Amino acid sequence: MHGTDQVADVTGAGDTVLAAFGLALASGATPLEAALLANFAGGVGVMKMGTATVSADEIEQAIASDRTLTA
């Protein structure tokens with residue numbers, strides 16, 4: 001999971017992960033790439049209270065801030 005260790009709410013987290021995974025696959029990503037993207041999307045989503053949306057910009061920022069991918 002990506003983000004801080006302070007989870008706000010897991011409502012809809014599975015939906016977010018599955019939607020991001022499916023969209024990534026439909027867009028031509030490999031299963032591994034889709035899983036990584038979905039993990040970032042889920043990580044962003046659980047940092048918000050209640051059922052929330054996750055934008056492409058938020059996912060992009062989460063990926064950019066992950067030091068394990070940029071090291």
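By accessible area, using a 1.4 Å probe on protein heavy atoms only, the chain has 62% of its surface on carbon and sulfur.
Please list, by residue number, everything in the stretch 28-60 whose backbone N is under 12 Å from a paramagnetic label point 7 Å out along Cα→Cβ of Asp15. Inside the label zone: 50-54. Accessible surface calculations at 1.4 Å, restricted to protein heavy atoms, place the chain at 66 Å² per residue.
No solvent, one uniform scatterer per C-alpha: report log10 I(q)/I(0) for the chain via the Debye equation at q = 0.19, 0.26, 0.28 1/Å, two decimals. Computed log10 I(q)/I(0) values: -0.70, -1.20, -1.31. For Ser27, the solvent-accessible surface computed with a 1.4 Å probe is close to 90 Å², ligands and nucleic acids excluded.
Each of Thr68, Thr16 has its accessible area taken with a 1.4 Å probe; listed largest first, they run Thr68, Thr16.
Mean projected area of the convex hull spanned by the Cα atoms of the stretch 14-53, taken over all viewing directions: 2.4 nm². Computed over protein heavy atoms with a 1.4 angstrom probe, the accessible surface ordering of Phe21, Phe40, largest first, is Phe21, Phe40.
The values are calculated or read from the model by the stated rules, or taken from the named source; none is laboratory data. Predicted model only: the values in this text are computed from it and were never measured. Please note: Cβ atoms are built from the backbone with ideal geometry, for glycine as well, and neighbour counts cover all protein chains shown. These area figures cover heavy atoms from the full protein model, side chains too; ligands, DNA and RNA do not enter into them. Shrake-Rupley method; radii C 1.70, N 1.55, O 1.52, S 1.80 Å.
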